[in-house]
Amino acid sequence: MKDFHGIIFAYSAAPELRELVTHRTAASMPIFGRYRVIDFSLSSLMNAGIHDVGVIMQRDYQSLMDHIRNGKSWDMSRKDGGVRLLPPFGMPGYHSGNYFGTMEALNGVGDYIRDIPQKYVVLLLGNMCANLDLNAAGEQHIRSGAPITAICSTHTPPTAQHRYLVGEDGFVKTARFYREGDEEGYTSMEGYIIDKELLVRMMDACAAENHYRFHRDALAAYLAAGGKMGVYLHEGYYMPIRSVDLYYRANRDMLDSDKRHDLFAPERPIRTRHHSLVSTYYGENAVSSNSLIGDNCRILGTVENSILSSEVVVEEGAHLKDCVIMRRTVIGKGAQLDCVIADKDCVIAPDTALKGNERLPLVIPKSSHI
């Protein structure tokens, strides 16, 4: 797919993720014990042969830069092109501080967008978990003749989403923004394949009117003027990572073998930055059931229905149930954790009892000592 260029939006902190994004963006969130959320968008582009990719950032992006580095893990380390990390260049007349919307983010790196040599641009969110077949999506986009193809899901996530109703000709006839529940139409994954010339025209029009949003401003105006937009349907696993609840659900979903095999399809591998670590040690009385446990952990207690990242220590008598534990966290002797998300480098004192619930898991901020 030499005519395609990737753009990943990784500037959003998603405030509903609360303590988990105090020092990072949603795209750089650790997930599934081994990965970062942005790995799924990067890998989807890589698997389609799209190696020229811009990652739009704005603030708290140090962990994202440390993770992506030169893009070698996704075969995007190139002399010409490859992955480019794009901090905000600024734009006179637009707001300072957080981007108000996607069009403002695009105009913030407008010079980069205008210099893209490819004919088509793939726009993806950095905070979604999905393994997209962008080869099929790109072929459909070219075949349809529509300047825009919306990447949609056949599933409805438990959060507000945009929905598109498609006519008999296969093109969008109605767009409904910010809908709740399983309504008519297809769920937008907020991913698009768009002709570069049209994207630049949209950016210029929004800049001239001080408009910031892709859907309510640029896309709504395009459709109202009679513009054609096709739909590519992704039938596999999809979960946007926008809140603590959705993050927790996504992690728990990977304990279901069917969902795990769906997301990690062998024909489209998900890559991440490699860490060379030794195997996990299990003590004589250790118990692990229905859990995903990373490398170089030390398990002496009980781990049940949980996901542990690398270098986690679970001391004797400790019991973890329905938990998500990030790197280098230590769970003291006899501690009891139920429905807990512990960020990196936490220390839980012996005999501590912490309990959340599936709808409202307890979040322990990074480097906390409890």
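So ASP295 ticks every box in (1) open to solvent by less than 60 Å² (accessible area, probe 1.4 Å); (2) touching a His at 6+ places or on another chain (Cβ under 9 Å); (3) of a type outside the set (Val, Ile, Thr) but one. Which box is left unticked?
Failing condition for ASP295: (1).
Since ALA221 meets every condition but one in (1) open to solvent by 40 Å² or more (accessible area, probe 1.4 Å); (2) under 20 Å from THR154 (Cβ atoms); (3) aliphatic (A, V, I, L, M), which condition does it not meet?
Against the list (1) open to solvent by 40 Å² or more (accessible area, probe 1.4 Å); (2) under 20 Å from THR154 (Cβ atoms); (3) aliphatic (A, V, I, L, M), ALA221 comes up short only on (2).
Quick check on the stretch 151-166: of everything there that is part of a strand (DSSP E or B) and among the polar types (S, T, N, Q), which residue is farthest from LEU219 (Cα to Cα)?
So the residue we want is SER153.
From (1) surrounded by 14 or more Cβ atoms within 10 Å (Cβ to Cβ); (2) not hydrophobic (A, V, I, L, M, F, W, C); (3) not in a helix (DSSP H, G or I), pick out the condition that doesn't hold for ASN135.
(3)
Could you tell me which residue of the stretch 340-352 is nearest to LYS321 (Cα to Cα), considering only residues that are in contact (Cβ under 8 Å) with a residue 40 or more places away in the chain and open to solvent by less than 10 Å² (accessible area, probe 1.4 Å)?
ILE341
Regarding the stretch 224-245, can at least one residue be identified that is in contact with a Phe, Trp or Tyr (Cβ under 8 Å, 6 or more places away or on another chain), free of Cβ contacts under 8 Å to residues at least 40 places away in the same chain and farther than 21 Å from LEU362 by Cα?
No, the stretch 224-245 contains no residue that is in contact with a Phe, Trp or Tyr (Cβ under 8 Å, 6 or more places away or on another chain), free of Cβ contacts under 8 Å to residues at least 40 places away in the same chain and farther than 21 Å from LEU362 by Cα.
Check VAL166, VAL121, VAL172 and return the single one that is open to solvent by less than 40 Å² (accessible area, probe 1.4 Å), touching a Gly at 6+ places or on another chain (Cβ under 8 Å) and farther than 24 Å from ARG84 by Cβ.
VAL172 is the lone residue from the list that is open to solvent by less than 40 Å² (accessible area, probe 1.4 Å), touching a Gly at 6+ places or on another chain (Cβ under 8 Å) and farther than 24 Å from ARG84 by Cβ.
Cβ-Cβ below 7 Å, separation at least six or inter-chain, first residue in the stretch 190-205 and farther than 13 Å from LEU219 by Cβ, second of a type in the set (Gly, Ala, Ser) and crowded, with 16+ Cβ neighbours inside 10 Å: which pairs?
Hits for this filter: ILE193/ALA137; ILE193/GLY138.
Is there a residue in the stretch 193-207 that is touching a His at 6+ places or on another chain (Cβ under 8 Å) and under 17 Å from LEU125 (Cα atoms)?
yes
Within the stretch 9-54, take every residue that is assigned to a helix (DSSP H, G or I) and open to solvent by 40 Å² or more (accessible area, probe 1.4 Å) and give me the one that is modelled with the lowest pLDDT.
Once the filter is applied, the top-ranked residue is PRO15.
Tally the residues that are within 11 Å of ALA160 (Cα to Cα) and open to solvent by 40 Å² or more (accessible area, probe 1.4 Å), restricting the search to the stretch 184-198.
Residues in the stretch 184-198 being within 11 Å of ALA160 (Cα to Cα) and open to solvent by 40 Å² or more (accessible area, probe 1.4 Å): 0 in total.
So, ILE113, is that one among the β-branched types (Val, Ile, Thr), outside any loop (DSSP other than H, G, I, E, B) and open to solvent by 50 Å² or more (accessible area, probe 1.4 Å) or not?
So ILE113 does not fit the description; no.
What are the residues in the stretch 167-199 that are assigned to a strand (DSSP E or B), more than 16 Å from PRO147 (Cα to Cα) and more than 25 Å from the chain's Cα centre (by Cα), if any?
THR174
The values are calculated or read from the model by the stated rules, or taken from the named source; none is laboratory data. Keep in mind it's a predicted model, so treat the numbers as computed, not measured. We place every Cβ from the backbone using ideal geometry, glycine too, and count neighbours over all the protein chains shown. Side chains are part of the model used for accessible areas, which takes the heavy atoms of the whole protein and leaves out ligands, DNA and RNA. Shrake-Rupley method; radii C 1.70, N 1.55, O 1.52, S 1.80 Å.
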